[in-house]
Every structure is written in C-alpha cells, then in structure tokens.
C-alpha cells in the first residue's frame, strides 16, 4: 500500500511517499529531505492527530460564543465525534481563560478548554 | 382598505407623483412589490440630469426633460437630496461627430435648452484635463447635472408620508378588477380598493396595464451595465462626458457622482420580455465599458473599481420613442406611465407636475390641502459637519459619535435614523442607499455584520431574518449551535 | 484638548505590543484608541491555533495570543478607549477621535503609532460578473459571523482564493456542518501555508483547484451557484473549461490591503507596492513623530512578526519622545528591491542607525534554490541561497550595525532575489 502526502514540518513542503504493509506498518518513506520528514510520515500513517478549535454557546455573556480548543492534539478521526459533543453544550458566563469545559472528551484523554474569557 | 388613488410602483416617478398627489385632500397609497422603494430602474441608472438636447423636437419627452432639468435644483433643495449642476459635454472625435454636435445643438435649441455652446479642443482640454488627445471638440450644456436617483425617490416618499400618503412595500400587484367605479387591486398583502390608478411600474408597466385589458404597449427590458469607481479616481472627470449618440441610446458615459465617485456606463442590450429580473453583469458588457471609456479618458482604469452593477431601462417596443403618459383607452381612471427611460429621472419632477395637473382635470372634486409640507428635513450627515457641529451633535445624541462604516464615516446614529425614518430601511441595501454605509471601498467587509446587527436590534428580529434586499436574500442562516 | 506622549491607533496585536514596548522604555502617558468594543483586533475571531510559535515558543489560538498582551497592558497605566474611531490626524500630531461616551475628542500627541491593520480585498475589486445576490462575502466577514456572532453564513460553499483565511474557513465551515465544495485559486500555486492546505483541505477532502477562477455568479435573491473556469498562463479564462457549481455562498480570500485612509489623509507617503507607509528602521513614516507597524504597514503572514515589528516601532517612538528627536532628520539610505524581490520594509535606513536592521521582503514568484543578495555599491552585505521562496511567506535578512557604519551613503542598499 502506498500513500502520498506533503510534509508540513517546515516551509519546504517535501512531497512524501510512504510504503506500508497490510497492517498499516510503515516500510519506507521517500521524498523527504530530512529526518523530521520521515518522522512526520510515520506519525501521519500510524496515528495522525490534530488540534480541534471551535466555539460553544454562552448565555449571559457580552458575546454569544466562547472559543475553545483541545488541550492537546486528538486523533484525526475523532474530530467530528468531538464536534457533536461540543455542539450539545451551552455554558453560562462568566468563563475564565483556560477553564476546562469538557473533561476527557470522547475518551481521548484530552480536555476541551476555553481560549478566552467571557 | 379604500383609497382614492393607488400608485403602482415606487420608483422615482411613482414617489414623485405620490408626493404631488399628497398635496390634495385625498387618500393615496403607493404599492411596491419589493422590500424598499427605488428598487427598479431608479436604483441603477446613470444618475444624470440631462440638459434636454436628445429628445426629438415637439415630443412630450423633450418638453418634460427641459422642464425637469430646470426644476431639479428646486426639488432637490426642498427634499434635501444631493444634486450638483456640473454641466455635460458631448465629446466629438471626428468631423462626422462634430456634425452630430451641430444637430444636437440645433435640436437642443428648439427644445429650449439654455446656454449651450460648441467648444474647441483647447477649451475642452482646459475643462477636462484628462480627456483623450483624440477629442476635437464638444457640445457644452451647462444646465446638465448629477443627482442621487434613489435618494430622490426615498426623500419624495418620506415627504409624501409626512403629508398623509401611505406606502405599502412587499405588495406586488397580481390582479386588478374594476367594478362599480372602483378598482380592486389584488396584492401580496391583500386586496386594495382605489378609485384611480397611476401605473408607474417601470419595466412591468405593460404587465400592470394588461391586468385591465390594456395591451397597447409592450416594454422591453434594456439592460445597462455600469462600473462604480473609488473616490480616488474622483479627480479624473469634472463633468458628465457623453459620446456622440447612436441608435441604442446615448452611448457609454463617464461622470462624477454626487458622492465623489466615478460612474461609467451604461451598455445597452435588449433582453427578452420575460427577463425583467435579470440584473447580471456580464464579461462582455464590462469589457465594452472598459474599452469605450479608455478611448475617452485613457488614464481611467477599473483598477479602483468599487463595484459593477446592471439596471433595466423600460424601453417601448416598436417605433414609439416618446413617453406614454395618459389615461388608458380601456379605463379613463387608469393613467399609464410607460417607456419612461432616459431622460426619465431628469423629467421626474416635471412628470409629477404633469400627472398632477392631468389628475386634477380628471378629478376636480379633490381640493388642495392647506397644510402641505413641501420640505423634507435633511438627514444628519456627520461627515459633512464641522468639528464644532459634530461635537455639539454627539453631546445631544451619543450614537452620532460611534462610527460604524469606516470607509464613509457613517455613525450608528445615522443608521438608526435610516431604519426608523418614515418608510425606513428594512434591509442592508436599504441602509446603504440611505446612509452610504457599506458603499465605500471595503464594500461592507467590516460594517456589514454591524449593520445586520443594528437592523436586527431596531426591527427587533433575529439576525437571520435580515436580508440584503428583501425576499430570500438572507445574509446568514441558522445559529451554529 | 487632551494631551499624551504617545497615542496608539489600533488595539490589535500591533498596537498592544507597540504600546507595551514604549511603556517598558519609560514613556509616561500612553493612550490606545480601538474602534472595536474590545482589544485584540482580528485575532479575536481567529480561534484556530498556530499563533505564537516564534514569539512564545508554543502554539496558541488567536484570542489566547491577544489575551497575553491585553493582560500585560492592563497591568500598566496605559489608557485605553475602545469603541473609538479616529477620523483625522491633523498637523501638529493632533488626533481627532469620536465615541459614544466621550463624544468628539481632540488629542494632542508627541508621537503617534499607526496600527490600524488591514482589510480584505472585496468583490468589486475582482470584477466577477454576475448578480447582486446575497451570499457573496469575504472569508473574514464569514469568520466573524460564525465565530463571534454564532450564525452560519452559508451551507454550500465555494471559496475563491487560497489565502490562509480562506483555507482556515474551509475547515471551520466543514466542522460546523457546511459543505465546502472547493477552493479555487487563480494562481498556479496557493497563497496559503502548506500546513493549512494539508490540515484544512486534504484532511477534509476539499479539492483545491489551481489556475482556476470564478467567472460568473448566479441567483437573484440568495446566491444559487457560480461558474468556474480554468485560466491560462496570463490568468485569462480558457473557453470550454466552464463548469457550473451549485452553492449558496461564495467566500473570497483574495488578498489583504493595509488600511491606510487615515495615513493618506495625513499626507504620509505610501509605498505603492506594500500599500503601507514608507518607513525607516524605527518604523517612522515621512511625518516626523508618526510611526507605523503591523498589517497597516505591510501584510504579515505571522502575528509573531507583527509583534516584533511593533516592538521596533514602540522603541522608535519612545526614542523620539525622550530625545525630542523632532528637529533631527537623519540622512536616509534608501533600500530598494530588485529582481525577484517585490518590496522591502523598511524603505530607508538612517545612516547613523545604532543597531542591526532586519530587512523584510516578499518575492514575486516561487523560487527553488533562489539566491538572496544584499549589496551597497560593490559591497556585498549578504548573500545566501534558500531552498524555497514563495510569495506567501515573508522573508528577512539582517544587516549588521558595523556594516551600516561602513555603507557608501550616496548609494542605495539593494535587496535582490534571483532564481
């Protein structure tokens, strides 16, 4: 199995080619111009993670929405599931910067925290 | 609800006529199909006050044009509408063109246009330093000018309301029945009864006339596309610059606007009868404007274009080229205004008087009001005030201290005024036409959301019910969550 | 009349950093004028992360980045007026501002820092023919609706322009349940960061169509669709490649323009390429005592660089105020771009500059292994190859203070990029 991607470790943006076996184990990485590129390719193929940022509705604040983010990157495949949980929430002001809004969202071990105060 | 007169169509003619009728002791209603007045030809045209040398001698068009041009200053003063008497130049590039200027001069003279002059290349160059070197002379008509057409319609409407007229928006007419000396007008807002109808429906005037069986004329929508340029280009042109006229109209012109922008256009493309909603600009149309204007003022480019837009002119099918302003042959209580294309805007004040007199002869039972208010108060324009005046104004009402539209310097106070005025703005474009918020170079990038918020607040509806220009032209959909 | 040592116009990242630096250097009375109701500028609506890697060494969201500066300002005696619009800068550095609390204010300033930011290029400037339907908006306006107001600006979306805001909005709208049909880019390359193309488009299977543009919009009330077409090397649509895409929203992410109305009206000289003021190494404009920094000076891609530039301007203003440098006009050595370099900021260096000067620039095109050289007459001040240079990423080189001392003051400094 072959997978192509662009490396985002630095602005160079090397086109990477990854060779994997049936189980998804990385056999080889080509196209990278440095070691970081290889590591990026392996991470992307075995456990791609992303930061999730969105908003939650707030009652009684100066503004109707508060921005939030995951406290650490979460598995890419869990983004939409997390969005569903977040979208069901509604908060009451005041909210502090960095306040934990949802603990261990979707069992990822990662929290949702406020990225502003309201 | 029963009225004496129903005016159908709230363009500049409809509004001016409604105002004229509000001088009489009667009940008048103006019916408008859109969410605002001046939504048809009146909002997208050249905004020119023509001197009056284009129309054929002896026509109603010629008479009302020349009268209108001389009345415009008076009306704009009374109604507090921006108007500038900057004069116009028809520019000639060949000896053939120069001959055409002679014809125009002669025609203008016969029509009663005062103080025209055929000027030399040198004088033209002195008046218009940026004009192409290929120009060889021009016809100068000092009585021409520029005006804000939609502001004229809005001001006339407000003044009519001050005098007891009623305006119904979103009230498109789909059927008219006549029985027992009374019209029963079916609108989107229910049935309206009226003894008289004035049909000012612009490109739809044939459709409205058809509702009483009058099929004596047909209106072809003639599309004209325009560019509006940033105020940065404002010093490139000082007067209305026409090219020599052709069969399709007066050609593409370039002119300053009353607000200091530059307007170029229109093209002239005849559409099908059923394309009366087509206001799309086209690549071909926009390219034509660029090419033609390049020949007039080579330095003028569209690099600083603020927007492009299209309008439809109500052009009569067939050979008839005069305005039709007369009672219908099918019903003498039904006055048609048809084919009011250029110089319709110029003629509007004269048309209003003409229709007013026609109506008084037809229905002498209505007497003049004694307490007619002829003046519509000037809206607050913070940007036009001196520092001292601004200071005082803001002390009285703090909302005039809060700038919403950065490009044009429009304050919250002015926007609230526009919404709460008689026949106030109901949508974003309505606020824009009344205040100029969003008409600057950022094109509402910053103030757009703020204007939506103010509309929602003042009209007491959620933001997702606010539209750009009525109907389904929503700005935002549901809440995100 | 109110009197201040320093008036900062704009309370976004640039204005906040500049004011803080001036305060740190001992400037006494400082006033920040912000037109929005809160400090933070455009960062307030940039809720995604990716800010602060250079400056703080960690990845913050926009509001978090702004928050740190706002909190720092709150700890000082810097005065702030929000919801306040500056309408004029008169001669003698008098600032005219209005709001709905103080009314109209005349403020006398020893020095002024311009930090008004930039705005998005609107539709009119693009000349896309078509209707006047609603649903055509800049990506930033859409971002405000969704992130601040909490309303969906569209359901089925085409994005024109692959600038970073457009890419970010493609992901944002998808996360909120909208369908982003595609991102069209007129150029053969994207104007956005690779990282954003990967994480905002590739991750969500949103196609990026290069050398492609919108040639017509359709719909009378709300937008109903757009016609797209491929473009040739002269960026002209290729006949026969037209395609109709159904959508209710067209978002534009086609470039940013420094917002310099105030600057122009104040008679300050503008660089036609950057659209910002012409400045020296202290970010002082052609009007003594008036400085500029951040996106009002040149459009940045990283807020970290805005902060850096604003510190420079804050320092420059402090020096001006404290040494009363008003009567001293240094001899300037012009800095000029050449070849693939499109512009350079600052445009002038004082011949008596007393520290290293960073020259910021952008390239015209994509260069692989492009060479950057900085020369003054025959003297080469800098020469280096870079594996990749793109118009989307700002570059800088440093000119050492000892080299500045040795410059031939009659000749310009040339920043040159070659393929």
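Brief remarks follow.
- Subset of segment B:381-399 (residues that are facing chain C (nearest Cβ under 8 Å) and either touching a helix residue (DSSP H, G or I) at 6+ places or on another chain (Cβ under 7 Å) or surrounded by fewer than 16 Cβ atoms within 10 Å (Cβ to Cβ) (or both)): B:387, B:390, B:394, B:395, B:399
- Among the candidates B:373, B:351, B:394, B:340, the residue that is over 21 Å from the mean Cα position of the chain (by Cα) and over 30 Å from residue C:105 (Cα atoms) is uniquely B:373.
- Here residue B:214 passes the criteria (1) within 24 Å of residue C:128 (Cα to Cα); (2) surrounded by fewer than 23 Cβ atoms within 10 Å (Cβ to Cβ); (3) at pLDDT 90 or above except the one numbered (1).
- Check on residue C:228, touching a helix residue (DSSP H, G or I) at 6+ places or on another chain (Cβ under 7 Å) and within 23 Å of residue C:120 (Cα to Cα): no
- If the condition is being assigned to a loop (DSSP other than H, G, I, E, B) and either touching a strand residue (DSSP E or B) at 6+ places or on another chain (Cβ under 7 Å) or modelled with pLDDT under 95 (or both), then segment B:113-127 contributes B:113, B:116.
- Residue B:3 vs. criteria within 21 Å of residue B:421 (Cα to Cα) and in the same structural domain as residue B:362 (by TED's automatic domain parsing): no
- Residue satisfying condition, being over 26 Å from residue A:105 (Cβ atoms) and either modelled with pLDDT under 90 or surrounded by fewer than 19 Cβ atoms within 10 Å (Cβ to Cβ) (or both), within set A:24, A:37, A:77, A:60: A:37
- Any hit, segment C:145-162, residues being facing another protein chain (nearest Cβ under 9 Å) and in a strand (DSSP E or B): yes
- Only one entry in C:122, C:153 is within 19 Å of the chain's Cα centre (by Cα) and within 25 Å of residue B:473 (Cα to Cα), namely C:122.
- Failed condition for residue A:97, given (1) under 18 Å from residue C:176 (Cβ atoms); (2) within 22 Å of the chain's Cα centre (by Cα); (3) modelled with pLDDT of 95 or more; (4) within 12 Å of chain C (Cβ to nearest Cβ): (1)
- Selection count where residues are in contact with a helix residue (DSSP H, G or I) (Cβ under 6 Å, 6 or more places away or on another chain) and within 14 Å of chain B (Cβ to nearest Cβ), scope segment C:45-85: 2
Results for (1) in contact (Cβ under 8 Å) with a residue 24 or more places away in the chain; (2) within 11 Å of another protein chain (Cβ to nearest Cβ); (3) farther than 18 Å from residue C:199 by Cα, shown as yes or no for each residue.
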site	(1), (2), (3)
A:7	yes, yes, no
A:17	no, no, no
A:26	no, no, yes
A:45	yes, no, no
A:64	no, yes, yes
A:67	yes, yes, yes
A:91	yes, no, yes
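- Residue under evaluation residue B:192, criteria (1) closer than 30 Å to residue B:131 by Cβ; (2) in a strand (DSSP E or B), criterion not met: (1)
- Where residue C:113 falls short, out of the listed (1) at pLDDT 95 or above; (2) within 10 Å of chain B (Cβ to nearest Cβ); (3) farther than 21 Å from residue C:139 by Cβ: (2)
- From C:136, C:89, residue being more than 9 Å from chain B (Cβ to nearest Cβ), more than 29 Å from residue B:396 (Cα to Cα), buried (at least 20 other Cβ atoms within 10 Å of the Cβ) and touching a strand residue (DSSP E or B) at 6+ places or on another chain (Cβ under 9 Å): C:136
- Candidates C:47, C:32, filtered to the one that is assigned by TED's automatic domain parsing to the domain that holds residue C:303 and under 29 Å from residue B:387 (Cα atoms): C:32
- Restricting B:175, B:102, B:133, B:97 to residues that are in a helix (DSSP H, G or I) and surrounded by fewer than 17 Cβ atoms within 10 Å (Cβ to Cβ) narrows the list to B:102.
- Single residue of B:286, B:253, B:263, B:277 found to be without any contact (Cβ under 8 Å) to a residue 24 or more places away in the chain, within 30 Å of residue B:437 (Cα to Cα) and either surrounded by fewer than 16 Cβ atoms within 10 Å (Cβ to Cβ) or in contact with a strand residue (DSSP E or B) (Cβ under 7 Å, 6 or more places away or on another chain) (or both): B:277
- Members of segment A:69-81 that are facing chain C (nearest Cβ under 7 Å) and part of a strand (DSSP E or B): A:69
- Of the helices (runs of 4 or more DSSP H) contained entirely in segment B:369-481, those carrying at least 3 residues that are in contact (Cβ under 8 Å) with a residue 12 or more places away in the chain and outside the structural domain of residue B:165 (by TED's automatic domain parsing) fall at B:412-420, B:428-435, B:447-459.
- Any chance residue B:181 is under 23 Å from the mean Cα position of the chain (by Cα) and farther than 24 Å from residue B:11 by Cβ: no
- Residue within segment B:450-460 that is away from every other protein chain (no Cβ under 14 Å), over 19 Å from the mean Cα position of the chain (by Cα), modelled with pLDDT of 95 or more and exposed (fewer than 15 other Cβ atoms within 10 Å of the Cβ) present: yes
- Against the list (1) more than 7 Å from chain C (Cβ to nearest Cβ); (2) touching a strand residue (DSSP E or B) at 6+ places or on another chain (Cβ under 9 Å), the condition residue B:378 fails is (2).
The values are calculated or read from the model by the stated rules, or taken from the named source; none is laboratory data. Computed from a predicted model, the values in this text were never measured in an experiment. Note that each Cβ is placed from the backbone with ideal geometry, even for glycine, and that neighbours are counted across all protein chains shown.
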